[in-house]
Amino acid sequence: MKKVIFKLGELFCGPGGLALGALKSKVKKRGVLYKIEHAWATDYHQASCNTYIKNLCPNNPETVICKDVRDLNLARLRNIDAFAYGFPCNDFSVVGEKRGFDGEFGPLYTYGIEILNMFRPKFFLAENVGGIASSNHGIAFQQILYDLKNAGNGYTLTVHYYHAEKYGIPQMRHRIIIVGIDKTASLSFKVPKPTHTGNFKTAKEAIKSDLFLSFSLNPQNISLSQQKITLIFLYIMFNNPFFFIVCSSSLFKNLSRTSISQ
């Protein structure tokens, strides 16, 4: 079977939540297997980098760079087809001071813009807290969207405020997810339909489920659809891999016309 591999790069990778979802997602279409593979990742927190390496790329530890993004030489990173970053939310969160662009962390999203301009990946996923929409009276979010839309070759954006509990996750965790597709592909991302509209899963149900136990013992035997339930413990331990699984698997179905970097 022919394979099409999208090489993934990440900023602010943390312990690997987004990457976990990305690397587990795959789609078969018209005799072609589409999947994502790790190229490089970076974070400034050593324990997070160690966890990422151990779980996701133990044979290539050098591809995880533990360094402050402000000290990185971005030009030395490998070429990529896909990009993910949950840029720091400290200055956008409703539980913080909401300093937005005036804070220490708010402007760090611009390093993602540099990556998009430098490598022009086929698609990207960016994630942040809901409070970003009102930070700096809404001006900050509109500027971020403008910059993302106009980076690289230009991107067609799909912006959605996800409620994790509506996708079978036993946690009321709400996040804004931005998916961008290179506009030259003439494609747009479709928001996945919620799987739970009222009968939400509880933590007790998730922990006691057979799928949870099966995943813990034999993760390779759990299908993509089943992971919507069993990835709850990974969701809590890491960031939100579920979202990347849903987004990337849906995205693959529309990328058969794109070319891949060598």
Given the Cα-Cα distance of Y44 and N150 and 0.36 nm per residue of separation, how much length would full extension add, in nm? 35.4 nm
Simple label model, 7 Å out from Cα along Cβ direction - I207 to N55, nm: 1.8
Between E62 and I113, what is the label-to-label distance in nm when each label sits 7 Å out along the Cα-to-Cβ direction? 3.3
If a paramagnetic tag sat 7 Å from the Cα of L74 along the Cα-Cβ line, which residues of the stretch 156-196 would have the backbone N under 16 Å from that point? none
L148: net charge of surrounding residues, Cβ under 14 Å, Lys/Arg +1, Asp/Glu -1, itself excluded? -1
Starting from the Cα gyration tensor of the stretch 116-176, take the square roots of the eigenvalues, sort them a ≥ b ≥ c, and report rounded, prolate or oblate (rounded when a/c is under 1.5, otherwise prolate if a/b is larger than b/c, else oblate). oblate
What's the local net charge at P15, with K and R +1, D and E -1, over the other residues with C-beta under 11 Å away? 0
Can you list residues whose amide H is under 5 Å from V4's amide H, if they're 5+ apart or on another chain and H is modeled 1.01 Å from N? L33, Y34, K35
Nearby lysines by direct alpha-carbon distance to K2 (threshold 21 angstrom, same-chain neighbours under 8 apart not counted): K24, K26, K28, K29, K35, K122, K253
Can you give the FRET efficiency to the nearest 0.05 for M172 and L33, using r as the Cβ-Cβ distance and R₀ = 45 Å? 0.80
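A short reminder: the numbers here are calculations on the coordinates, not readings from a lab. No experiment lies behind these values; they were computed from the predicted model shown. With ideal geometry, Cβ positions are generated from the backbone for all residues, glycine too; neighbour counts draw on all protein chains shown.
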